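A short write-up of the structure that comes next.
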Amino acid sequence: MDYPEDVPITPGLRERKKAQTRRAISDVATRLFMERGFEAVTVAEVAEAAGVSIKTVFNYFGSKEELFLDREAEVRTAIVSAVAGRPGDQRVTEALTRLFTEYRIPGGEAWAELDDPERMAMFRRFLETLYASEGLRARILLSGEAMADDLAAVIGRSHGRDPDDVEVRAFVAMLLAAMGLRHRAMVEGVLAGRPAAEIEAGVREAATTAFAAAARAFPELDGP
């Protein structure tokens with residue numbers, strides 16, 4: 001959406017306009033990546049297809065990988081916030097189990113999205129593109145390391161312990177492993193072409209079982 005130059009743009013309107021631009025660029029990039037493969041598309045081609053300059057692309061995205069994984073920071077924030085903002089009587093694993101079972105994407109889309117054949121097909125192609133790229137897979141690993149630091153800081157602080165405490169780090173590593181198992185169940189189900197209800201059931205079971213194991217292994221750190 002364009003705005004006349006003589007009409008003042010309020011801070012809220014400015015942020016919405018920036019978000020719309022960012023989403024539009026990412027949508028174009030994702031389409032190109034899924035059509036041709038991540039490595040085969042350049043940032044210059046994304047800029048041209050989106051009708052913006054290369055500089056504009058990098059004003060919104062720090063790297064080519066961010067163009068594809070544009071919700072990476074949002075998902076990480078949702079996960080860390082679920083732990084940091086949980087009710088006083090709720091365990092860490094309870095908060096994460098809820099987040100990873102009630103949503104297809106933590107803090108984002110619900111499971112109903114998979115009932116739409118067109119959305120399911122796009123999601124499958126997204127995952128195929130993701131796992132065909134070494135660069136994108138490496139980016140996911142780096143994102144996991146950043147989230148581990150964030151979770152260790154939150155959990156360590158709530159128990160008066162150093163974020164680098166070995167037990168805190170071990171607990172966080174187990175939480176990330178649980179997320180990984182949940183993600184694996186999702187990917188395998190989607191790529192195998194299983195029905196949406198079967199995928200959801202498998203992912204919910206993987207998340208519930210894995211986080212329960214973490215709770216049993218670290219009852220003190222898991223506590224409210």
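The values are calculated or read from the model by the stated rules, or taken from the named source; none is laboratory data. Note that this is a predicted model, so its numbers are computed, not measured. Here Cβ is always computed from backbone atoms with ideal geometry, including for glycine, and neighbour counts include all displayed protein chains. The protein model used for the area step is the full one, side chains on, heavy atoms only, and it has no ligands, DNA or RNA in it. Shrake-Rupley method; radii C 1.70, N 1.55, O 1.52, S 1.80 Å.
When the stretch 153-176 is limited to residues that are over 19 Å from Glu72 (Cβ atoms) and among the small types (Gly, Ala, Ser), the one that is farthest from the chain's Cα centre (by Cα) turns out to be Gly160. Which members of the stretch 203-224 meet the condition of being open to solvent by less than 10 Å² (accessible area, probe 1.4 Å) and within 17 Å of Ala82 (Cα to Cα)? If the condition is that a residue be open to solvent by less than 10 Å² (accessible area, probe 1.4 Å) and within 17 Å of Ala82 (Cα to Cα), then Ala207, Phe211, Ala214, Leu221, Asp222, Gly223 are the ones that fit. Among the candidates Asp162, Asp150, the residue that is out of contact with any Phe, Trp or Tyr (no Cβ under 6 Å at 6 or more places or on another chain), crowded, with 16+ Cβ neighbours inside 10 Å, over 30 Å from Asp115 (Cα atoms) and among the charged types (D, E, K, R) is uniquely Asp150.
Taking the stretch 170-197 as the range and being closer than 15 Å to Ala215 by Cα and either assigned to a loop (DSSP other than H, G, I, E, B) or open to solvent by less than 30 Å² (accessible area, probe 1.4 Å) (or both) as the test, the residues that pass are Phe171, Val172, Leu175, Ala178, Met179. Selection of the stretch 103-115 for residues being under 30 Å from Phe218 (Cβ atoms) and part of a helix (DSSP H, G or I) yields only Trp111.
Counting only residues that are of a type in the set (A, V, I, L, M, F, W, C) and touching a residue at least 12 places away in the same chain (Cβ under 8 Å), which one in the stretch 103-115 is surrounded by the most Cβ atoms within 10 Å (Cβ to Cβ)? Taking the candidates together, the pick is Leu114. For the condition out of contact with any Phe, Trp or Tyr (no Cβ under 6 Å at 6 or more places or on another chain) and either open to solvent by less than 50 Å² (accessible area, probe 1.4 Å) or outside any loop (DSSP other than H, G, I, E, B) (or both), Arg125 qualifies. Exactly one residue out of Glu200, Glu167, Glu118 is without any contact (Cβ under 8 Å) to a residue 24 or more places away in the chain and either assigned to a helix (DSSP H, G or I) or open to solvent by 70 Å² or more (accessible area, probe 1.4 Å) (or both): that is Glu118. Selection of the stretch 22-55 for residues being open to solvent by less than 40 Å² (accessible area, probe 1.4 Å) and touching a residue at least 24 places away in the same chain (Cβ under 8 Å) yields Ile25, Ser26, Ala29, Thr30, Phe33, Met34, Gly37, Phe38, Val43, Ala50.
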